[in-house]
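The values are calculated or read from the model by the stated rules, or taken from the named source; none is laboratory data. These numbers were taken from a predicted model, which means no experiment stands behind them. No Cβ is skipped: glycine too gets one built from the backbone with ideal geometry, and neighbour counts run over all protein chains shown. The protein model used for the area step is the full one, side chains on, heavy atoms only, and it has no ligands, DNA or RNA in it. Shrake-Rupley method; radii C 1.70, N 1.55, O 1.52, S 1.80 Å.
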Amino acid sequence: MCVTRGASCGGAQPTAPRVYDILWDMQVEQTSVLTALKAVKDPDLNRDIVTLGFVKELHIDGGRVAFTIELTTPACPVKDQMRDQARAAVMQLPGVTDVDIRLSARVREAVGGEGGRQAPPGVKNIIAVGAGKGGVGKTTVAVNLALALARCGGRVGMIDGDIYGPNVPIMLGLKTQLTTDGQKILPAEKYGLQVISMGFLTGDDAPIIWRGPMLHGALQQFFREVRWVELDYLVVDLPPGTGDVALSLSQTVPVAGAIVVTTPQQVSLADTRRAIAMYRKLNIPPLGIVENMSYFVCPDCGHEADIFGRGGGEALAGEMSIPFIGRVPIYQPIREGSDTGVPLMISDPDCPAARAFMAAAERTAAQVSIASYNRPTIPLTVVK
């Protein structure tokens, strides 16, 4: 009798299973995908994207897996990294042949309202930008920070809270008269920002000589009587120092936090300490320090000159245990853009100084996201 391996003479040879038949028989399960995705962590929140609820719209079709990662901000600096890690984790599962990942973002509120301090309708997060002293480029940083957040995909508005020196309209090239819809004031719009400023209500040369109660009333109007439309971030440019407007802000609305602008020199740092102490006393958490005019790069030879010193802002951030948001150089086009109404984030968004503003915006958004996940879920009750 003639016998061959696996068959007798004259019998049909057995057919080996094909690779795609094996893959077809392997069912990719949703639980397996979610387990694999638990290896991907948000570096700022220190939790995996499944526990955080970032994974949405998970669909499995044979070996094809598709889902959405819903981030806490469109300005997330590590979104591409998380997407690549998620794809690599799911591709390692048996039976998976293709992974399609879509990125989206839903900005959460960092602080909730309480008592008379309620967020304005249509606004999720209010970010104050302040400084301990004048002349450090606070408004320039505020404008470019707002534009950078908008460039990332955020919906952004600006309040020019520097009532005595309303320069935001100049820096944005805005000359307009405000209108109403019959119920509320409509903000001006430029470069994708919704903007309100006392500069729209007074002449260019008209001084504003007001006492505290009038400042408080104006700020109340800017928040309560303006038709803000679906804003993720409302950036408030505060006057320098530790005066009435910051106090009114803390009493009027819940503030996600404050960005404090300084230069590296000791005179500025001394006043910055006072500003940070003020924000803490007013229960406005400092989101971080931006060191402006950090250094000057010679356009001819590339030499860096520390005109105002170097590293003072970063050292102060470490000393006071708050994040260091970044350093912005002295750069002539920043000044030119502010004077002509075309900020650097619009005129040259890819230059090194604009990338510094973008990095600062991403870190600011990250701090707001961290605050939104650390906020108490149960209202605290004060027992007397």
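Applying 1/(1 + (r/R0)^6) with R0 = 56 Å to the Cβ-Cβ distance of Q177 and D48, what FRET efficiency is obtained, to the nearest 0.05? Spell out each step's value before the answer.
On the way: r = 51 Å, r/R0 = 0.92.
After rounding, the FRET efficiency stands at 0.65.
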Extending each Cα 7 Å along its Cβ direction at C298 and Q118, get the distance between those two points in nm, one decimal.
6.0
What's the center-to-center distance, using Cα atoms, between the range 133-159 and the range 334-369 in Å?
8
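Solvent-accessible area per residue for the range 84-214 at a 1.4 Å probe radius, Å²?
Result: 47 Å² of accessible area for each residue.
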Could you let me know the centre-to-centre spacing of the range 213-253 and the range 27-97, using Cα atoms, in angstrom?
39
Kindly rank 235-243, 298-306 from highest to lowest mean number of other beta carbons found within 10 Å of each residue.
235-243, 298-306
Just to be sure I understand: with springs between alpha-carbon atoms less than 10 Å apart, which residue in A361, A258, A277 has the highest mean-square fluctuation in the Gaussian network model of the chain?
A277
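Which percent of the accessible heavy-atom area of the chain goes to carbon and sulfur, probe 1.4 angstrom?
Roughly 52 percent, rounded to a whole number.
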Radius 14 Å from Cβ of P43, net charge of other residues (Lys, Arg +1; Asp, Glu -1):
-1
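Calculate, for D84 and L186, the FRET efficiency according to 1/(1 + (r/R0)^6) with r their C-beta to C-beta distance and R0 35 Å; round to the nearest 0.05. If you can, show how the numbers build up before the last one.
Working: r = 42 Å, r/R0 = 1.21.
It comes to 0.25.
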Fraction of alpha-carbon pairs in the range 230-321 farther than 19 Å apart, rounded to whole percent, equals 46
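Here are some pairs, K56/K184; K138/K175; K79/K190; K79/K138; K79/K184; K138/K184; which of them have Cα atoms lying more than 32 Å apart in this structure?
Beyond 32 Å between Cα atoms: K56/K184; K79/K184.
Viscosity 1.002 mPa s, temperature 20 °C: give me the Stokes-Einstein translational D for the range 218-371 in µm²/s, with Rh taken as the Kirkwood radius over C-alpha pairs. Walk me through the intermediate numbers first.
Values: Rh = 16.9 Å.
The Stokes-Einstein estimate is 127 µm²/s.
One-quarter of the Cα convex hull surface for the range 268-358, in nm²?
Details: hull surface 27.6 nm².
Averaged projected area of the range 268-358's Cα convex hull equals 6.9 nm².
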Express in % the proportion of alpha carbon pairs of the range 157-290 at distances exceeding 24 Å.
31
Just the ratio, please: alpha-carbon radius of gyration of the chain over 2.2 N^0.38 Å, N its number of residues.
1.28
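Rounded to two decimals, what is the ratio between the C-alpha radius of gyration of the range 104-194 and 2.2 N^0.38 Å? Intermediate values should be presented prior to the final figure.
Values: Rg = 14.5 Å, N = 91, 2.2 N^0.38 = 12.2 Å.
In units of the 2.2 N^0.38 Å rule of thumb, it is 1.19.
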What aspartates and glutamates could a cross-link reach from K281, if we take a straight Cα to Cα line under 18 Å and drop same-chain neighbours fewer than 8 places away?
E114, D244, D271, E319
